[in-house]
Amino acid sequence: MSARELLKKYETEINKHDFDLIDPLISDDSKFWFSSGTFVGRTQARQSFEKTWGFIKEEIYSLAEVEWIAESESVAVCTY
C-alpha cells in the first residue's frame with residue numbers, strides 16, 4: 001500500500017470512531033499533535049482519540065490541503 005493509499009484509508013477508518021481500525025495504520029513511535037497536546041505512540045494516541053470521540057460523538061474528520069514533504073519506500077511525511 002502506498003503512503004497516499006494509507007492516508008486515504010486512515011481518513012476513512014478514523015470516521016468510524018474505532019481505534020482498532022486505525023491502530024494497524026500507525027507506527028509504534030507515531031506522533032500526533034492536537035490542540036490539547038502532543039501524543040507519542042499507540043497508547044497515547046488511543047487515549048487521545050477515544051477521549052475526543054467521547055466528547056464529539058458525530059465528528060466527521062477530513063484531511064485538507066495535504067502536502068507531501070517526503071515520499072519513498074521507507075519514509076512518508078505530509079502535512080494537512
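The values are calculated or read from the model by the stated rules, or taken from the named source; none is laboratory data. The structure presented is a predicted model; accordingly, all values stated were derived computationally and were not measured. Glycine also receives a Cβ, built like all others from the backbone with ideal geometry; neighbour counts cover every protein chain displayed. Calculation scope for accessible area: heavy atoms of the full protein, side chains included, ligands and nucleic acids excluded. Shrake-Rupley method; radii C 1.70, N 1.55, O 1.52, S 1.80 Å.
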Discussion item. Need one number: nm distance between label points at Gln47 and Glu59, each 7 Å from Cα along Cα→Cβ, rounded to one decimal.
Written reply: 1.6
Worksheet item: Taking Cα atoms, how many degrees apart are the long axis of helix 3-14 and the longest axis of the chain, rounded to 10 and kept between 0 and 90?
Response: 10
Response to the item:
For the Glu73, Lys31 Cβ pair and Förster radius 25 Å, calculated FRET efficiency rounded to 0.05 is 0.75
Worksheet item: What aspartates and glutamates could a cross-link reach from Lys8, if we take a straight Cα to Cα line under 19 Å and drop same-chain neighbours fewer than 8 places away?
Response: Asp18, Asp20, Asp23, Glu59, Glu65, Glu67, Glu71, Glu73
Worksheet, complete the sentence: Calculating percent of Cα pairs over 22 Å apart from this structure picks out, from (i) 35; (ii) 21; (iii) 16, entry (ii)
Practice prompt. Starting from the Cα of Lys57, draw a straight line to each of the lysines and keep only those under 18 Å, dropping any in the same chain fewer than 8 residues away.
Written response: Lys16
Worksheet item: By how many degrees, 0 to 90 and rounded to 10, does the Cα axis of helix 41-55 deviate from the longest principal axis of the chain?
Response: 50
Worksheet entry | the chain, relative contact order in percent, only Cα pairs under 8 angstrom and at least six apart counted | 22
Worksheet item: Ignoring ligands, DNA and RNA, how do Arg4, Arg42 rank by accessible area with a 1.4 Å probe, largest first?
Response: Arg4, Arg42
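Work through the residues other than Thr38 whose Cβ is under 13 Å from its Cβ and net out their charges, Lys, Arg +1 and Asp, Glu -1.
0
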Worksheet entry | Ellipticity estimate at 222 nm from DSSP helix runs (n ≥ 4, -39,500 (n - 2.57)) divided over the chain, nearest 500 | -11500 deg cm²/dmol
Fill in: Stokes-Einstein D (µm²/s) once Rh is taken as the Kirkwood radius of region 18-65 over alpha-carbon pairs, at 25 °C in 0.890 mPa s
213
Practice prompt. Report the local net charge at Phe19: Lys and Arg +1, Asp and Glu -1, summed over other residues whose C-beta lies under 9 Å from its C-beta.
Written response: -2
Worksheet item: So how strong a dipole does the chain carry about its Cα centre when Lys and Arg Cβ are +1 and Asp and Glu Cβ are -1, to the nearest 20 debye?
Response: 200
